[in-house]
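**Q** Take this structure first; my questions come after.
The values are calculated or read from the model by the stated rules, or taken from the named source; none is laboratory data. From a predicted model like this one, the values you see are computed outputs, not experimental measurements. A quick note on method: Cβ atoms are made from the backbone with ideal geometry, for glycine too, and the neighbour counts reach across all protein chains shown.
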Amino acid sequence: MMAVRKVVALAVTTVALATMVACSDSAPSSSQFVNSVDRICRTLGTGLDDLSKPGTIDDLASFADDASHLFASAVTAMKKLQVPGGSSSAISDAKTLVSNFDHLVDVLDDIGAAAKSADQATIDERTAEFESVRSQDSDLADSLDAKHCDLDPLFDELAPPVTDPPITEPATTTPITVGADGNKTTLRIAGELTPVDGLTFTDVTSDLLTAWTSVLNDSPTAAASPGQVAGVEVSKNGTLIANVYIFLATDTVKSTSTFELADTLTQTAVTDDTVNGFPGLSWTTEGGVAAFVGAQTTGDAGYLMYALAPSHDGLVVAITGLWASLPK
């Protein structure tokens, strides 16, 4: 199950809070400490700005490696700073920033490794995770009044996918893959959609659909229901904003299966939610990724859905736009 969660839910490992050098008799003031952090961020930002945006998957591998080294150097420098005595929100925010930067080193390393093996699914997941954490860091920078720590996006201009674009299949509802248990088939639906509001749709890779099918089959209710599975990457103005997975039941499926799916997908607290009129549950992963699992309606539902995005607003835009783009 952990492998499924890692592929489908974009679950991230929580990094232990970085230990900073203990204060001494000549410890700096909070403002001096924040200024030092900001100077390190300025050096980091300058280095990142000097990197050439990748145009090919080979370029992405070296780009991610170079960015990882820059972040690692910044983390090393920040951990050497003397911390002011006492406690304050500035110190807490700075420690969180260091922890996030430390985690982004690992994320960038994963992106580089995935690019070298042409693993598009991991590239998509990790770049989305990177931008989600970077967005959190922007809020921390604002709280600290450390403007240079509000770094520009690294992957906003990355034309998805980095590898060769998928072959567009003729619009069809003919299943292309049979599920392992024989009662679920997968569909390509991107070619059947009429995009609205500047959105574009790309069918997710087969390994992600396999993982989604495995999640469904871990739900006793959904496992017993035959049907079809599909998934799309939703982009707006060239930037990936969400992945949305769908299960279309041949007959109907109980909406209560959303609780079973949530139990499989996360161990964090979930809240009741409604997106585009669809009742369900939402939560935020440890890596800050927004997630939603829902049904067509309460009771007997025609379909289930699972969506992931850097923010809840992104979930709403993606799900609403997908349903508005379906054939009438």
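**Q** Quick check: is even one residue across the range 229-240 in contact with a Leu (Cβ under 8 Å, 6 or more places away or on another chain) and surrounded by fewer than 21 Cβ atoms within 10 Å (Cβ to Cβ)?
**A** Yes: one or more hits.
**Q** Another one. Take the conditions among the β-branched types (V, I, T), surrounded by fewer than 21 Cβ atoms within 10 Å (Cβ to Cβ) and under 24 Å from the mean Cα position of the chain (by Cα) and apply them to T274. Does it pass?
**A** Yes; evaluated as a whole, the condition is true for this residue.
**Q** Suppose the filter is assigned by TED's automatic domain parsing to the domain that holds D207 and without any contact (Cβ under 8 Å) to a residue 24 or more places away in the chain; does G238 pass it?
**A** Here the answer is no, as G238 does not meet what is asked.
**Q** Is it the case that the range 114-132 has a residue that's of a type outside the set (A, V, I, L, M, F, W, C), crowded, with 16+ Cβ neighbours inside 10 Å and either touching an Asp or Glu at 6+ places or on another chain (Cβ under 6 Å) or in the same structural domain as T239 (by TED's automatic domain parsing) (or both)?
**A** yes
**Q** Of the conditions (1) surrounded by 19 or more Cβ atoms within 10 Å (Cβ to Cβ); (2) in contact (Cβ under 8 Å) with a residue 24 or more places away in the chain, S89 satisfies every one except a single condition; which number is it?
**A** The single condition S89 does not satisfy is (1).
**Q** Still on this structure, please answer the following. So which of L158, L70 is modelled with pLDDT of 85 or more and of a type in the set (A, V, I, L, M)?
**A** Answer to the check: L70.
**Q** Can you name the residue in the range 49-101 that is of a type in the set (V, I, T) and within 22 Å of the chain's Cα centre (by Cα) and is also nearest to D38 (Cα to Cα) among such residues?
**A** Taking the candidates together, the pick is V98.
**Q** Here's something else I'd like to know. Among the residues of the range 137-149, what is the count of those that are touching a residue at least 40 places away in the same chain (Cβ under 8 Å) and under 15 Å from F101 (Cβ atoms)?
**A** Final tally of qualifying residues: 7.
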